[in-house]
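Okay, structure first, notes after.
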Amino acid sequence: MKTLIKNATVVLPDEVLRTSVLVEGTKIAAVDPAIHVAADETVDAAGLHLIPGVIDDQVHFREPGLTHKEDLRTASRACAKGGVTTFLEMPNTVPNATTQERINEKLALAAEKSVVNYGFYIGATPQNLADLKSAARTPGIKIFIGSSTGDLLVDDQDVLEAIFAETTLPICAHCEDETTVRANAERYRDSTDVADHSRVRDVAAAVTATRRALDLARRHKHRFHVLHVSTGDETDLLADHGGVITAEACLHHLLLSVDDYPRLGTLAQMNPSLKTTADAQRIWEALADGRIQVIATDHAPHTLEEKAVPYPRSPSGMPNVENSLALMLDQVHRGRCTLSQVVHWMCDAPARVWDLVGKGRIAPGYDADLVLLDLQKSAVVRNQDQLTKCGWSAWDGVELTGWPVSTWVAGQVAYRDGVVCDNCHGQEAVYDHARGGYWATP
Ligand code: DOR
């Protein structure tokens, strides 16, 4: 199958080109304004922008075990609609993905059910060092240095030292200090006000755990990715990356704040908690100056019934894979950042952080994971339109300008003009960890 995408404005982190892209099979065959070949399909992309598919390096898709909230089919359909062509999924499913066998089971499920490309982290426990050392077919190791949804937690310093000393896969972590969170939770134990979530999971909890993790990474010279930075003070700690440290920001910590609790209630409850608009501003600044490299969603679906249970029994997390790119395109429309920056944060940087082979660029030989954008299109996010099984968005009723209109996954049209391709299949992500990650790649 040959597809010619003609006259597109191709946007990459460092260049914007008016050109055509030829896709042959699953790969990009040529990028050249002068391609004239007989293709099976020709798409006239004049007036539209073409970017590499979004790589979301932090999602929770709930399969196996929690499929009343989401599953690999519903979540990956939502990805295709949102322009996310590759997801990397966290291990806090049921059972937890803490062995090679569990990773392989998830890979087999995704091969059957996922419309987009997929990968699965292996979760750390206090007992599974041997599994972490031998793990394969995975982007890396996820450590919950503070507990969140589920029961994964590694808080013991000796265990953390051993993981950083003895494993070779890149490590990422949820950083909220367990001792601080528990002490705060005790103080607010009679509260039913969800705004107290940001006092329980406070700035000190985030900063203490991030500082601890960065110290481990620097001493052991071990590649380490800080997940969902939520405070301005953490961004200060990221200035010295030492060739091993990278970091991620999530949409909700950029676009929402503690001021949204009255409007959203427990829909705005997540871990790490929302902080102030001043924190959000400092996270934007860290993205702009390169201390934070990646934007992801932490897509964490819970049903509206579960969210309606009074705080603190309400679960933490919100869905977002199907609106994350549109939310960022809307920020481009408002002049807060450029499309090239969005491509860097959501496509190029995650491919480099996780050593993804064939991803993150539009160039000959790369995988044909592509998203066509209409930057003029305005549409309102509506709960009833959401493809995520949980069926809601914190941006319900909000109009966004700039939307993905077509998504190709490995050369197949996985989404076009409102329709998801239900017999399309994504591919298993491939990692070349010998590349050495973000700071070692151009
Ligand atoms: O709010 C969150 N929800 N944060 C996490 O770290 C986990 C996630 C979930 O799985 O629900």
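Bear in mind these aren't lab numbers, they're just calculated from the coordinates by the rules spelled out. Just so it is clear, the structure is predicted and the values come from calculations on it, not from any experiment. Using ideal geometry, Cβ is built from the backbone for each residue, glycine included, and neighbour counts are taken over all protein chains shown.
What the table shows:
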| read-out | value |
| --- | --- |
| Spin-label pair residue 289/residue 35, simplified geometry with 7 Å Cα→Cβ offset, distance in nm | 4.0 nm |
| Simple spin-label estimate for residue 165 and residue 240 in nanometres, 7 Å along Cα-Cβ | 2.3 nm |
| Choice from 77, 102, 18 with maximal GNM fluctuation in the chain (Cα, 10 Å cutoff) | 18 |
| Free-standing Cys residues across the chain, given no other cysteine C-beta under 4.7 angstrom | 79, 172, 175, 250, 337, 347, 390 |
| Computed label-point distance, nm, for sites residue 157 and residue 14 using a 7 Å Cα→Cβ extension | 4.3 nm |
| DSSP bridge pairs, region 6-55: antiparallel proportion in percent, nearest 5 | 75 percent |
| Relative contact order [Cα under 8 Å, 6+ residues apart], the chain, whole percent | 21 percent |
| Rounded to the nearest 20 debye, dipole of region 239-284 from Cβ charges on Lys, Arg, Asp, Glu | 100 debye |
| Cβ-derived FRET efficiency at R0 35 Å, residue 379 paired with residue 259, nearest 0.05 | 0.90 |
| Percent of Cα-Cα distances greater than 33 Å, calculated over the chain | 29 percent |
| Sum of -39500 (n - 2.57) over DSSP H runs of 4+, divided by residues of the chain (222 nm, nearest 500) | -8000 deg cm²/dmol |
| Net charge over other residues, Cβ less than 10 angstrom from the Cβ of residue 340 (K, R count +1; D, E count -1) | -3 |
| Calculated FRET value between residue 308 and residue 111, using beta carbons and R₀ = 45 Å, to 0.05 | 0.80 |
| Region 373-438: trypsin sites (Lys or Arg not before Pro) in DSSP coil with no more than 16 other Cβ atoms inside 10 Å | 382 |
| Projected-area average for region 186-250 over all orientations - Cα convex hull basis, square nanometres | 5.0 nm² |
| Principal axis box of region 392-442, alpha-carbon based, largest edge first, Å | 44, 29, 20 |
